[in-house]
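Okay, so here's the structure we're looking at.
Read-outs throughout are calculated quantities, based only on the coordinates presented, and are distinct from any laboratory measurement. Bear in mind that the values here come from a model prediction, so they are computed numbers and not experimental data. Because the Cβ atoms are built from the backbone with ideal geometry, glycine has one as well, and the counts that use them run over all protein chains shown.
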Amino acid sequence: MSVAFLFPGQGSQRPGMLHDLPDHPVARDMISRATGVLGRDVLDLDTPEALGSTVAAQLALLVAGATTARILVEEGCEPDYVVGHSVGAFTAAVVAGALAYPDALRLVDLRARAMQEAYPRGYGMGVVVGLDERTVSRLATESSTPKAPVHAANVNAPLQVSVAGANSALDRTLSLARGHGAHRARRLAVPTPSHTPLMAPVAAKLKSALADVPMDRPTVPYLSNVGGRALRSPEEIRDDLARSVERPVRWHDATTLLFELGVRLFVELPPGRVLTDLATAAFPEARAIAVADAGVGSAATLIARHRSERRALK
């Protein structure tokens, strides 16, 4: 009966997410450190206008997730496993003890800027609910052209697959999906073709930057959101963080492994609840909670109760 911390990716950001962090010494310290590393007031990142930027959205997600996780850890609520969706992998690496928080801030800033500069306009992501990966991939192939490519991207659940690419081809794919009986096919608040081969240049920049960043062996098992397996060496995690931007996130595979490893409490760190809903649907025998909804205090109480129940079963 283990506990896993889940860290959301871009698309989960919302206005006020940093201002809603608990009034806690840890939060003040983490925000101050981020402001010092980035050279600008981090609390300016969560306005509606700022969050239209990939850079602001990804940095805000890192700060919110890492801050809340550290508060929970200081309350004695350490996770047994961590995994992050897309850019959430950097937050997971910080909480796992593999990557220093200041280095994660610099890397996410570089990642987001490279993504934004590579595709400043005309590209994005969407999600299809109700069709399987094979069908969505076929529809994307039918919609794609050399000048306007689109690819199937993340497999969040057996019948929830994201697509990413040029806006015109993306819209054609979503329209075809609706015609093929998708329950929902809509655009996401992500203005880049993330997790597709179009991001190869960004992956190359990240790989170069990560080569100079010191990393440690994780003290908490870190799961790859791409390979759906636990990574234990700094070299494996370094490669995963670099290359995941150009490869599909196989979220369902990663969380299924967590369930098989004994996770029965999935805790989604702020700001969203998308990952909570996915876990609830996929693993009805487990519990899932979004800290953004329940609050840090309630989440800490639930984690402590869960651990007490686990000890009682031993």
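Go ahead and set up a Gaussian network model of the chain, Cα springs under 10 Å, then flag whichever of 148, 203, 64 fluctuates most.
148
Quick one: what Rg and Dmax do you get for the range 194-301 from the alpha carbons, in Å?
15.7, 44
Across the Cα atoms of the range 123-190, what radius of gyration and what greatest pairwise Cα-Cα distance (Dmax) are found, in Å?
Both quantities, over Cα of the range 123-190: 10.1, 30 Å.
Can you list residues from other chains, or at least 5 along the same chain, whose modelled amide H is less than 5 Å from the amide H of residue 9?
85, 88
In sequence order, what are the phi-derived ³J(HN,Hα) couplings for the range 88-103 according to the Karplus relation 6.51 cos²θ - 1.76 cosθ + 1.60 with θ = phi - 60°, rounded to whole Hz, with x for glycine and proline?
So the Karplus estimates, Gly and Pro as x, are x, 4, 5, 5, 4, 5, 5, 5, 6, x, 8, 10, 6, 4, x, 5 Hz.
List, in order, the whole-Hz ³J(HN,Hα) value for each residue of the range 124-129 obtained from phi through the Karplus relation with A = 6.51, B = -1.76, C = 1.60 and θ = phi - 60°; use x for Gly and Pro.
Once θ is set to phi - 60°, the couplings for the range 124-129 become x, 9, x, 9, 10, 10 Hz.
Taking H placed 1.01 Å from N in the peptide plane, check which residues at least 5 places from residue 268 or on another chain put their amide H under 5 Å from its amide H.
For residue 268, the qualifying residues are 6, 289, 290, 291.
Express in whole angstrom the spacing between the alpha-carbon centres of the range 63-101 and the range 247-285.
When both Cα centres are located, 15 Å separates them.
When the chain is fully extended, how far beyond the present Cα-Cα distance does residue 49 get from residue 78, taking 0.36 nm per residue of separation? Walk me through the numbers before you get to the answer.
Working: separation 29, 0.36 × 29 = 10.44 nm, distance 3.46 nm.
Result: 7.0 nm gained on full extension.
By how many nm would the segment from residue 293 to residue 106 grow when fully extended, if each residue of separation counts as 0.36 nm and the alpha-carbon distance is taken off? Could the numbers behind the result be given before it?
Numbers: separation 187, 0.36 × 187 = 67.32 nm, distance 2.90 nm.
Result: 64.4 nm gained on full extension.
What are the ³J(HN,Hα) values, in whole Hz, obtained from phi via the Karplus relation 6.51 cos²θ - 1.76 cosθ + 1.60 with θ = phi - 60°, for each residue of the range 271-276 in sequence order, with x given for Gly and Pro?
My calculation for the range 271-276 gives x, x, 9, 4, 5, 5 Hz in order.
Along the charge dipole of the chain, Cβ charges K/R +1 and D/E -1, which of 198, 124, 182 sits furthest on the positive end?
Sorting the options by dipole projection puts first 182.
Can you tell me the FRET efficiency between residue 175 and residue 118 if r is taken as the Cβ-Cβ distance and R0 is 35 Å, rounded to the nearest 0.05?
Values: r = 26 Å, r/R0 = 0.74.
Given R0 = 35 Å and the Cβ-Cβ separation, E is 0.85.
On the first, second and third principal axes, largest extent first, how far apart are the outermost C-alpha atoms of the range 70-131 in Å?
Cα spread of the range 70-131 along its principal axes, largest to smallest: 45, 35, 16 Å.
Taking 0.36 nm per intervening residue step and subtracting the Cα-Cα distance, what contour gain separates residue 253 from residue 304 on full extension? All intermediate terms of the calculation are to be shown ahead of the outcome.
On the way: separation 51, 0.36 × 51 = 18.36 nm, distance 2.71 nm.
Going from the current span to full extension adds 15.7 nm.
Placing unit charges on C-beta atoms (Lys and Arg positive, Asp and Glu negative, everything else neutral), compute the dipole magnitude of the range 123-190 about its Cα centre in debye, rounded to 20.
Charge dipole, the range 123-190, about its Cα centre: 140 debye, nearest 20.
For 220, 245, 267, what's the fewest-to-most ordering of other Cβ within 10 Å of each Cβ? Before the final figure, lay out the partial values.
Details: 220 17, 245 26, 267 29.
The fewest-first ordering by Cβ neighbours comes to 220, 245, 267.
For every helix of n ≥ 4 consecutive DSSP H residues, a contribution of -39,500 (n - 2.57) applies; sum these over the chain, divide by its total residues, and give [θ] at 222 nm rounded to the nearest 500 deg cm²/dmol.
Details: 12 runs with 147 residues, N = 314.
Roughly -14500 deg cm²/dmol at 222 nm, from the helical runs in the chain.
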